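Inspection log for the structure reproduced underneath, given as structure tokens.
Read-outs throughout are calculated quantities, based only on the coordinates presented, and are distinct from any laboratory measurement. Note that the structure is a prediction, hence the values are computed from the model and not measured. Counting neighbours? That spans all protein chains shown, and the Cβs are built from the backbone with ideal geometry, glycine included.
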Amino acid sequence: MEVHFTAEEEAKLSRIAAHVGTDTEHLVKDAALRLMEEEEKFRAAVKAGIEQADRGELIGDNEVRLWLEDRERT
């Protein structure tokens, strides 16, 4: 697989890689692997949420609103 970046993008990647003490190939590979892992977690969470909703395990509007308001205060 090949991935092509502009010269500016390559320069940014090189700076980041140097800052974290690796080379650009490892930096990009690690980022891609983390993305795949997060995507898998997200899809699993969505699937679990759909299954909960299908079972009728829902949270009411007021409870969600209170939760959001509490989060805004912290």
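Identify the residue in the stretch 17-47 that is free of Cβ contacts under 8 Å to residues at least 12 places away in the same chain and in contact with a helix residue (DSSP H, G or I) (Cβ under 6 Å, 6 or more places away or on another chain) and, among all such residues, is nearest to L58 (Cα to Cα).
If we take residues in the stretch 17-47 being free of Cβ contacts under 8 Å to residues at least 12 places away in the same chain and in contact with a helix residue (DSSP H, G or I) (Cβ under 6 Å, 6 or more places away or on another chain), then A17 is nearest to L58 (Cα to Cα).
Pick from E69, E2: which is assigned to a helix (DSSP H, G or I) and out of contact with any strand residue (DSSP E or B) (no Cβ under 7 Å at 6 or more places or on another chain)? First the steps, then the outcome.
Numbers: E2 fails: assigned to a helix (DSSP H, G or I).
Step by step, each of E69, E2 is checked, and only E69 is assigned to a helix (DSSP H, G or I) and out of contact with any strand residue (DSSP E or B) (no Cβ under 7 Å at 6 or more places or on another chain).
When you scan the stretch 1-39, how many residues do you find that are over 15 Å from the mean Cα position of the chain (by Cα) and of a type in the set (D, E, K, R)?
The number of residues fulfilling the criteria is 9.
So which residues in the stretch 20-63 are among the aliphatic types (A, V, I, L, M) and either closer than 28 Å to V3 by Cα or in contact with a Lys or Arg (Cβ under 8 Å, 6 or more places away or on another chain) (or both)?
Matches in the stretch 20-63: V20, L27, V28, A31, A32, L33, L35, M36, A44.
So K12 fits all but one of (1) in contact (Cβ under 8 Å) with a residue 12 or more places away in the chain; (2) in contact with a Phe, Trp or Tyr (Cβ under 9 Å, 6 or more places away or on another chain); what number is the exception?
So the condition that K12 fails would be (1).
Among the residues of the stretch 27-74, write down those that are of a type in the set (V, I, T) and over 30 Å from S14 (Cα atoms).
Of everything in the stretch 27-74, those that are of a type in the set (V, I, T) and over 30 Å from S14 (Cα atoms) turn out to be V46, I50, I59, V64, T74.
Determine which member of the set E37, E2, E8 is surrounded by 10 or more Cβ atoms within 10 Å (Cβ to Cβ) and out of contact with any Ser or Thr (no Cβ under 7 Å at 6 or more places or on another chain).
Among E37, E2, E8, only E37 is surrounded by 10 or more Cβ atoms within 10 Å (Cβ to Cβ) and out of contact with any Ser or Thr (no Cβ under 7 Å at 6 or more places or on another chain).
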